[in-house]
Amino acid sequence: MTKLQQIINGYKNLLYFIFKILMLLALCLVIGSIIVLPLWYFATKAPSVYTTVVFILITLFCGYRLYRICKKTPKAVLLRRIFQILILIATLTACVACVFAGHRILCIPVLLVSFLLFGLCTFAYREH
């Protein structure tokens, strides 16, 4: 193979690589337009229906993911994680309620108690 053939093959490979990149970008643009444009049209023409449909789809997806996670996870671990989530939600709710009621100083004991409960739930009843 001569040097000229090597140079031609090198440029051919470079141009083929650039062509593949451009085709990938074009494909992404076309597929993105096919997906996004109808959703955009639906969202601008019927926003309440669009919001309801998107909320239902997200809820179904999250429910499906939770079902798969719960099916794979042992019951003790699952119960501990549920308690951890409930502790975090209760802490957040109590702190927001205290702030809105004007009793910001009450957030400190709420946070301390939740910190202890979360540590108890997470570290005290862990399998070794």
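The values are calculated or read from the model by the stated rules, or taken from the named source; none is laboratory data. Please read these numbers as outputs of a predicted model, since none were measured by experiment. With ideal geometry, Cβ positions are generated from the backbone for all residues, glycine too; neighbour counts draw on all protein chains shown. Only protein heavy atoms, including side chains, enter the accessible area calculation; ligands, DNA and RNA are left aside. Shrake-Rupley method; radii C 1.70, N 1.55, O 1.52, S 1.80 Å.
Okay, here's what the table says:
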item	result
77, 36, reordered so the largest accessible area comes first (probe 1.4 Å)	36, 77
Residue 69 accessible area, assembled protein chains, probe 1.4 Å, Å²	80
Rounded to whole Hz, the Karplus (6.51, -1.76, 1.60) HN-Hα couplings of the range 107-120, x for glycine and proline	5, 5, x, 4, 5, 5, 5, 5, 4, 5, 5, 5, x, 4
The chain - percent relative contact order, Cα under 8 Å, separation 6 or more	16
The range 26-36 - phi-based ³J(HN,Hα) in whole Hz, Karplus 6.51/-1.76/1.60, Gly and Pro as x	5, 5, 4, 5, 5, 5, x, 5, 4, 7, 7
Inter-part distance where the range 84-128 and the range 45-76 are each reduced to a Cα centre, Å	26
At most 10 other Cβ within 10 Å, DSSP loop - trypsin sites (Lys or Arg not before Pro), the range 64-128	126
